[in-house]
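The values are calculated or read from the model by the stated rules, or taken from the named source; none is laboratory data. Quick caveat, the model's predicted, so the values are computed rather than measured. Don't worry about glycine lacking a Cβ; one is built from the backbone with ideal geometry, like all the others, and counts go over all protein chains shown. Note: accessible area is taken over every heavy atom of the protein model, side chains too, but ligands, DNA and RNA are not part of it. Shrake-Rupley method; radii C 1.70, N 1.55, O 1.52, S 1.80 Å.
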Amino acid sequence: MHTQTKAYYIETYGCQMNEHDSEKMAAILESMGLVETSTAETADVVIINTCSIREKAEHKVYSALGSLRALKAKNPGLVTVVAGCVAQQEKDRLLRRADHLDAVVGTHGIGELRDILERAWEKRDRCARTEFSRDVSSLHMPAPRRGRSPMNSYVTIMQGCSNFCTYCVVPYTRGPEQSRPAGEIVAEVQDLARQGVREVTLLGQNVNAYGKDRGDVSFAELLRLLDLVEGLKRIRFTTSHPKDLDAALVQAMAELGSVCEHIHLPLQSGSDKVLHAMHRGYTRAEYLEKIAMLRENIPGIAITADMIVGFPGETEEDFSLTLSALAEIRYDQIFSFKYSARPSTAARLFGDQIPEAVKAARLAEVHALQESITDQYHKAAEGTAAEVLIEGFRERSSQAFGRTRQNKIVNIEAPDGLNVGDLVTVRIEQGLKHSLRGKISFVVTVHREEEGSPQRRREHRE
Ligand code: 5AD
Ligand code: SF4
């Protein structure tokens, strides 16, 4: 089959779960002897890993599919694959709609990638693998990471979501909530730490519900197990659901040295009427209580959220409650979106859909308010000290960058000898709109480069 080395190119849209799925697909392709290439034009296999969370994301996918058609016409041997949430949503309809497509791989089909590609090459067979499976063993990284990111790594702890918020396509594209056994997760993190990983981000649509489907280890207990992993400095996780955030988790976050002081806790709306229509499972007051519990127990915690404007039936009064919630909670940062109707979801059939112009105006108001709050946080950080884990070096400058425990990006003038993975204390000199600028005052640890470890030195700039 492989007379000469084949090259692959993966284009990734959407969330961190998709980014990590792309890493898993890359690991499978590399275990088959393929090498990565930086353009679709030079590839023998192109995979588009798609997102369908909002209408705009799905439109981008169709335009990417359009450009694949021209590529395939020039290079008929090219194997083209669509993966991710649009693949799951559209299934074999995609094959019928786009005759230049070779394969459709659903969100549970990544483990079958080798077989799918072999079929495409050897039998010239087009296929769609989009069944949901109850097997969570495909959620681990299937092969050693090839130094893609030397110090941080995603780790999937669960897949799917069983909440069925009325606007959300995820339960349809990623299936029901299923947690991986804790032992497998701990073993994966131990292995990553041995490879030089210093920070892990635990991924799931609703990590606070981790383990509920298994009935053994809870999310708070999982954090306690991972905190014991030798060499690991930081643990992050996303996304948390307010309804499942409990005192045990807050306690674990407060006690465990490796768990970062940051939580992404989507509110979506400040109006109880809208929250109810969204099927979120909490009220504004209940959410505020959880914020108070977090701030009381974890001093300096950074809180971020997602917000939706223009949900069907959202009145001016409902919207003003969203603005007042933002002003009251004062998030460090938010991601805000205009509601868009998604296939299969309940809200797409709700009456009183909001006109596009109204949604756009509301989004602009939310942006402006949050921008001023974020700006105030960044200005207030000036002159303070922060622990930063070095993630990489900016091209064409002497700057390094990393994140604080609160997940804020800091750009730093890099002294000689600074390495990716170093943990440094930084004095914040300037708070900018999207980042901070700092100066190193103290290098806490400089890790050693072990033989065979994937840690990169300064010359290998990111
Ligand atoms: N329209 C707009 N935003 C949405 N999100 C999810 N579904 C939709 C939709 N149909 C947002 C939510 C979620 C984030 C990942 O995307 O805010 O938290
Ligand atoms: Fe979507 Fe709600 Fe599940 Fe989040 S909790 S993935 S918004 S259904």
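Within segment 84-107, being out of contact with any helix residue (DSSP H, G or I) (no Cβ under 7 Å at 6 or more places or on another chain) and either more than 21 Å from G175 (Cβ to Cβ) or in contact (Cβ under 8 Å) with a residue 24 or more places away in the chain (or both) holds for K91, D92, L95, R96, R97, D99. The sole residue among L65, L94, L71 that is more than 16 Å from ligand 2 (Cβ to nearest atom) and surrounded by 20 or more Cβ atoms within 10 Å (Cβ to Cβ) is L94. State all residues of segment 282-312 that are more than 16 Å from ligand 2 (Cβ to nearest atom) and in contact with a Gly (Cβ under 9 Å, 6 or more places away or on another chain); if no residue qualifies, say none. Listed by number, the list holds a single entry, R284. Of the numbered criteria (1) under 23 Å from S153 (Cβ atoms); (2) more than 16 Å from ligand 1 (Cβ to nearest atom); (3) open to solvent by 40 Å² or more (accessible area, probe 1.4 Å), the one T283 fails is (1).
The rows are residues; the columns are (1) closer than 20 Å to G111 by Cα; (2) assigned to a helix (DSSP H, G or I); (3) open to solvent by less than 40 Å² (accessible area, probe 1.4 Å).
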{"residue": "Q4", "(1), (2), (3)": "no, no, no"}
{"residue": "E11", "(1), (2), (3)": "yes, no, no"}
{"residue": "N18", "(1), (2), (3)": "yes, yes, yes"}
{"residue": "L29", "(1), (2), (3)": "yes, yes, yes"}
{"residue": "G33", "(1), (2), (3)": "yes, no, no"}
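One line per residue, one yes/no per condition, for (1) away from ligand 1 (no atom under 16 Å from the Cβ); (2) assigned to a helix (DSSP H, G or I); (3) at pLDDT 95 or above:
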site	(1), (2), (3)
S153	yes, no, no
C161	no, no, yes
F164	no, no, yes
C168	no, no, yes
Y172	no, yes, yes
V186	yes, yes, yes
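Pairs meeting the criteria (first residue in segment 282-306 and closer than 21 Å to N163 by Cα, second residue surrounded by fewer than 14 Cβ atoms within 10 Å (Cβ to Cβ), beta carbons under 7 Å, at least 6 apart or on different chains) are D306/F335. Among the residues of segment 291-308, the one identified as open to solvent by 30 Å² or more (accessible area, probe 1.4 Å) and touching a Lys or Arg at 6+ places or on another chain (Cβ under 9 Å) is G300. Does at least one position in segment 157-171 carry a residue that is away from ligand 2 (no atom under 16 Å from the Cβ), farther than 26 Å from K338 by Cβ, crowded, with 19+ Cβ neighbours inside 10 Å and touching a residue at least 12 places away in the same chain (Cβ under 8 Å)? Within segment 157-171, none of the residues are away from ligand 2 (no atom under 16 Å from the Cβ), farther than 26 Å from K338 by Cβ, crowded, with 19+ Cβ neighbours inside 10 Å and touching a residue at least 12 places away in the same chain (Cβ under 8 Å). Within segment 347-382, the set of residues being open to solvent by 50 Å² or more (accessible area, probe 1.4 Å), within 16 Å of ligand 2 (Cβ to nearest atom) and touching a Ser or Thr at 6+ places or on another chain (Cβ under 8 Å) comprises just one member, F350.
Hey, among R174, R180, R236, which residue is within 30 Å of R54 (Cβ to Cβ), buried (at least 20 other Cβ atoms within 10 Å of the Cβ) and out of contact with any Asp or Glu (no Cβ under 9 Å at 6 or more places or on another chain)?
Values: R180 fails: out of contact with any Asp or Glu (no Cβ under 9 Å at 6 or more places or on another chain); R236 fails: out of contact with any Asp or Glu (no Cβ under 9 Å at 6 or more places or on another chain).
After ruling out the rest, the residue left standing is R174.
For Y210, the test of being in contact (Cβ under 8 Å) with a residue 60 or more places away in the chain, buried (at least 19 other Cβ atoms within 10 Å of the Cβ), touching a Phe, Trp or Tyr at 6+ places or on another chain (Cβ under 8 Å) and under 30 Å from A277 (Cα atoms) is failed.
I'd like the full set of residues that are assigned to a loop (DSSP other than H, G, I, E, B) and among the aromatic types (F, W, Y), limited to segment 350-377. Let's see the steps before the verdict.
First, the residues of segment 350-377 that are assigned to a loop (DSSP other than H, G, I, E, B): 350-355.
If the condition is that a residue be assigned to a loop (DSSP other than H, G, I, E, B) and among the aromatic types (F, W, Y), then F350 is the only one that fits.
Residues that are assigned to a loop (DSSP other than H, G, I, E, B) and acidic (D, E) within segment 215-230 comprise D216, E230, listed in sequence order. Scan segment 313-341 for residues that are more than 22 Å from R295 (Cβ to Cβ), within 20 Å of the chain's Cα centre (by Cα) and either more than 15 Å from ligand 2 (Cβ to nearest atom) or charged (D, E, K, R) (or both) and the total you get is 1.
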